[in-house]
Amino acid sequence: MTDTVLAAKKKRSFWVRLGRNMRQHPLLYLMIAPVILYFLLYHYYPMYGLSISFFDYVPTKGITGSKFVGLKHFREFLEDPYFFRTMRNTLVINLQLLLFGFPIPILFAILLNELRSARLRRVTQTVTYMPHFISTVVICGMMLDFCAENGFITTAICRLTGMKPVNLFSRASMFQPLYVAMCVWQEFGWDSIIYYAALTGIAQELYEAAEIDGANRWNRIIHISLPGISQTVVILLIMRIGNMMTLGWDKILLLYNPMTYETSDVISTYVYRLGLTNFQYSFATAVGFFNSVINFVLLILANTVSNRLSNTGLW
């Protein structure tokens, strides 16, 4: 029997099993239908719009009526004087978020797990979760006020360093540390939820047996807690690396100004200015497409390395 026939049989058997499963569990498939519909409408259908990166797109003519130019806009981006700046800033900020924003939720979850008082744990969780639910506009407004010439962050830094009071967001060198600190503060409590959930799934008998054998708290963390959540950490790390070229434009757009473009202008804000402000739709789409391809390559590489080193991966 040829490989083609075998492949056809497997394909046919898959659809037969799927149909049988749907008849047996209709409510489960009904529950997942909105999720599938969401991804189809907001993630897969918009991919058609990526084709305008290969055209000199004119809204009144549509995609098919616009002139096909091939890789013209991709070449323009690579030759653009701002190409290196936006790529550098995007990578540097993401690396800082990976270096500080990724391990802090893990450490915080471990500390929560070590708290003996359930009431103190709940209060701590509530306090650290709250910034995640504050509007981005409010968070950025708070940061601008705190870092103003008479803001408390500015005042604290001036007292520690003897620096003259100045608006911190008017200095290009201060933008990235302030932005990373704001993101870590806003999200570390929320990001710790999945790690804390993984820790609560570890059998308590392991901790009790280790304690009987004389292991102190530090030893229990090293030999039980961390190995117990290692797969969760690896999976989230792969997903984080797969988004290394993605950086939300909203916070940066609310915080940056022409004086800090040198260190704050990233790919997403660059695309926003070109696509919506300057109406260069095709060029902006080409930049976004280029960004997505790099993210995809990074995801594949991270998953491959993880599978070889730890036998853990997304697939």
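Just tell me, in residue order, which DSSP H segments of the chain are both 30 angstrom or longer along the helix axis (alpha-carbon based) and at least 0.0 in mean Kyte-Doolittle hydropathy.
The qualifying helices are 172-200, 281-310.
7 Å from Cα along Cα→Cβ at both Ile193 and Glu149: what's the point-to-point distance in nm?
According to this spin-label approximation, the distance is 4.2 nm.
Going toward the positive end of the dipole of the chain, with +1 on Lys and Arg Cβ and -1 on Asp and Glu Cβ, which of Tyr44, Ile110, Val69 do you reach last?
Highest projection toward the positive end goes to Tyr44.
Among 221-227, 51-57, 305-311, 211-217, how do they line up by average Cβ neighbours within 10 Å per residue, starting with the highest?
Most protected by this proxy first, the peptides run 51-57, 221-227, 305-311, 211-217.
Considering amide H positions built from the backbone, and no H for Pro or chain starts, which residues 5 or more places from Phe55, or on another chain, come under 5 Å of its amide H?
Val69
Could you name the aspartates and glutamates in cross-link range of Lys164, using Cα to Cα under 18 Å and dropping any fewer than eight places away on the same chain?
Output for Lys164: Asp145, Glu149.
Going out from 0 in 20 Å bins, what whole percent of all Cα-Cα distances in the chain drops into each bin?
Using 20 Å bins, I get a P(r) of 22, 49, 27, 3, 0 for the chain.
Per the Kirkwood definition applied to all pairs of different Cα atoms, how many angstroms is the hydrodynamic radius of the stretch 168-315?
This gives a value of 18.7 Å.
Using just the Cα positions, wrap the stretch 135-179 in a convex hull and report its mean projected area in square nanometres, one decimal place.
Mean shadow area of the hull around the Cα atoms is 3.0 nm².
For the residue pair Leu40 and Thr200, what label-to-label distance in nm results when each label sits 7 Å from Cα along the Cα-to-beta-carbon direction?
3.5
Could you give the length gained on full extension between Arg122 and Ala33, defined as 0.36 nm per residue of separation minus the Cα-Cα distance, in nm?
28.6 nm
Calculated FRET efficiency, Ser292 and Ser230, Cβ-Cβ r, R0 25 Å, to nearest 0.05?
Details: r = 29 Å, r/R0 = 1.17.
After rounding to 0.05, the efficiency reads 0.30.
Pulled fully out, how much extra length does the chain show between Thr136 and Ser13, if you take 0.36 nm times their separation in residues and subtract their Cα-Cα distance?
Net length gain for the segment: 39.4 nm.
So, with +1 on the Cβ of K and R and -1 on the Cβ of D and E, and no other charges, what is the size of the charge dipole of the stretch 90-216 about its Cα centre, to the nearest 20 debye? Intermediate results must be reported in sequence, preceding the final value.
Working: 7 positive and 9 negative charges, 114 e Å.
For the stretch 90-216, the charge dipole is close to 540 debye.
About the Cα centre of the stretch 189-315, how large is the charge dipole given +1 on each Lys and Arg Cβ and -1 on each Asp and Glu Cβ? Please answer in debye to the nearest 20.
The dipole of the stretch 189-315 has a size of about 320 debye.
Take Val305 and Thr64, extend 7 Å from each Cα along the Cα→Cβ direction, and tell me the distance between the two endpoints in nm.
For the pair Val305/Thr64, the computed spacing is 4.5 nm.
Any idea which of Leu97, Ala286, Val271 is furthest toward the positive side of the dipole for the chain, if Lys and Arg beta-carbons carry +1 and Asp and Glu beta-carbons -1?
Comparing the listed Cα positions along the dipole, Ala286 ranks first.
For the stretch 230-276 and the stretch 28-78, write down the distance between their C-alpha centroids in whole Å.
Going from one Cα centre to the other spans 21 Å.
Using only Cα atoms, what is the ratio of the radius of gyration of the stretch 53-111 to 2.2 N^0.38 Å?
Relative to the rule-of-thumb radius for its length, the stretch 53-111 sits at 1.93.
Throughout, read-outs are computed from the coordinates displayed, never taken from laboratory work. Since the model is a prediction, treat every value here as computed from it, not as a measurement. When we count neighbours, we look across all protein chains shown, and the Cβ atoms used for this are built from the backbone with ideal geometry, even at glycine.
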